[in-house]
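Right, one structure below, let's go through it.
Here, each number is a calculation from the coordinates, and none is a lab measurement. All figures in this text were calculated on a predicted structure; none of them were measured in a lab. Using ideal geometry, Cβ is built from the backbone for each residue, glycine included, and neighbour counts are taken over all protein chains shown.
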Amino acid sequence: MAAVDEYLFDRAAKIAAEVDLPWAELDGKTVLVTGSTGLIGSQVVRTLLSRNDHVDAGINVVLPVRNNKKAQALFGDRSDVSVLEWSLGDELMGSEHVDYVVHAACGTSSKSFLETPATTIMQIVHGGEAVLRYACSVDAKKVLFLSTMEVYGEVEGVATEDNLGKLDPMVVRNSYPEAKRLVECLCASYATEHGVPSVVMRLAQTFGEGVHHDDMRVFADFGRHAIDGKDIVLLSDGLKRNGYLSVDDSVRAILIALVNGQSGEAYNAVNEDAYCSIREMAQLVLDQFGAEGTQVRREFDPEREATFRKASDLMLDSSKLKALGWEPNDSLSDMYRAMIDCWSVHD
C-alpha cells in the first residue's frame, strides 16, 4: 500500500474507533456508496473498511464505479468490497441486498458548470434518479444524498434548512445548484410516492486529506502557494464569506445522518467557527504555512472570476444536525494541516 493510502486509512481508522457514531446500526449491514473514488466518498468507504479491520464489524461495502482498477488501487482486493460497473446516469443494477445508500457521486468542476451546463444538469438528475430507483428495488433502509451549500443561492441571514434564497435559472453557472435542488426534491418525492426513506446532506465547502495537489479550487491553490513560499494572489476582492468543513467531520456527519436522520429532511454540515472571508483564509494560510515575507495581493482575472459562485455571504446553521449528536472537531487550520500533510506523504 502506498504511503498516502496508509495515511488516509490511518485517519479513517480514528473515526472508525469513535464510540459516539451509530455503529450498532451499521455493523453487519451492507452499504452502497457512489462516488467512492472521490474526496468524501472514498473516506466514507475507508472508514467502513477500517471498522471491519479493527472490530470485525461485518460491514459489506458495495461500490458502483466507472473505473474498477481505480477502486481496487484505492481500497485493495478485499472480501468485504463488491464492485459494480456504473457511470453516473446509467441504470444501477447488481447487488440484491443493500441496507443503506450514500449517493456521493457528482462532478465538482466549476469550469464544466459553465462550459457544459446541460450535461451537468442531466448527469446529476439522472444519477440521482437511478440511485433512488435502485434503492426502491432493493428496499433500502435509507438513502443519503450528498448535496451542496450552493442550493441556498442568495440567502439573507443565516441559512437554515428551510431558508433557501434566490437562484437565477437563466445563469448557466447555476446548472449545478439547480440540479442539486431538483434531486433533493426527488429524494423527498420518492419518500412520499415510493416509500424510499431518504435524507439530504448539505455540506459546506469541504477539504482536508485526500485533496489532490493539482486541485484547482481556491483552498488548494492557497495551500500550494503557501508551501511553495509564494504570495497568494486573489482573483476577486476576497470579501465573500463562507463556512468550511473538514473531510473527517463530513464523514462523521454522513454516518450520523444516514442512520439517525429523519426521512424527508435536509441537514446542514459546517463548522461555524471556520466562517471567514476568502482574504482572511488566505492570510491564515500564509501566517501558519507560508514563508516569511509572503503576502496576500490581488490581480483581476475575469475568466477565472466567471467560474466563482455568484452569491452573497453564506453562513450555514448546523444546529439541526447537532441535535442528532454531531459536532465538528476540526478547525480551518486543521483542514489545511491535513491537506498539506497528505501532500507531503504523497511526495
May I ask you to evaluate 6.51 cos²θ - 1.76 cosθ + 1.60, the Karplus curve with θ = phi - 60°, for each residue of region 145-159 and list the ³J(HN,Hα) values in order in whole Hz, giving x for glycine and proline? 9, 7, 9, 8, 5, 5, 5, 6, x, 8, 9, 8, x, 6, 8
Give the value in nm², to one decimal: projected area of the alpha carbon convex hull of region 105-207, averaged over all directions. 7.0 nm²
What's the center-to-center distance, using Cα atoms, between region 250-297 and region 15-61 in Å? 23 Å
Report, for the chain, the % of DSSP beta bridges that are antiparallel, rounded to 5. 10 percent
Can you list which of the GluC sites (Glu not before Pro) found in region 75-148 are DSSP loop residues with at most 12 other C-beta atoms within 10 Å? 91, 96
Here is the link list: 142/322; 142/180; 70/111; 69/141; 14/322. Which ones come out longer than 27 Å on Cα distance? 69/141
Residue by residue, what Karplus-based ³J(HN,Hα) values in Hz, rounded to whole numbers, does region 89-97 have, using 6.51, -1.76 and 1.60 with θ = phi - 60° and x for Gly and Pro? x, 6, 5, 9, 9, x, 3, 7, 10
What shape does region 9-63 take by its C-alpha gyration tensor, where a ≥ b ≥ c are the square roots of the eigenvalues and a/c under 1.5 counts as rounded, a/b above b/c as prolate, and the rest as oblate? oblate
List, largest first, the extents of the alpha carbons of region 192-330 along their principal axes, each in whole Å. 56, 29, 25
Averaging 1/r across every pair of distinct alpha carbons in region 185-246 and inverting yields a Kirkwood hydrodynamic radius, in angstrom, of 14.9 Å
Considering the Cα positions of the chain, please state its Rg to one decimal place and its Dmax as a whole number of Å. 19.5, 61
log₁₀ of I(q)/I(0) at q = 0.11, 0.13 Å⁻¹ - region 42-164, Debye sum with one point per alpha carbon: -0.48, -0.65
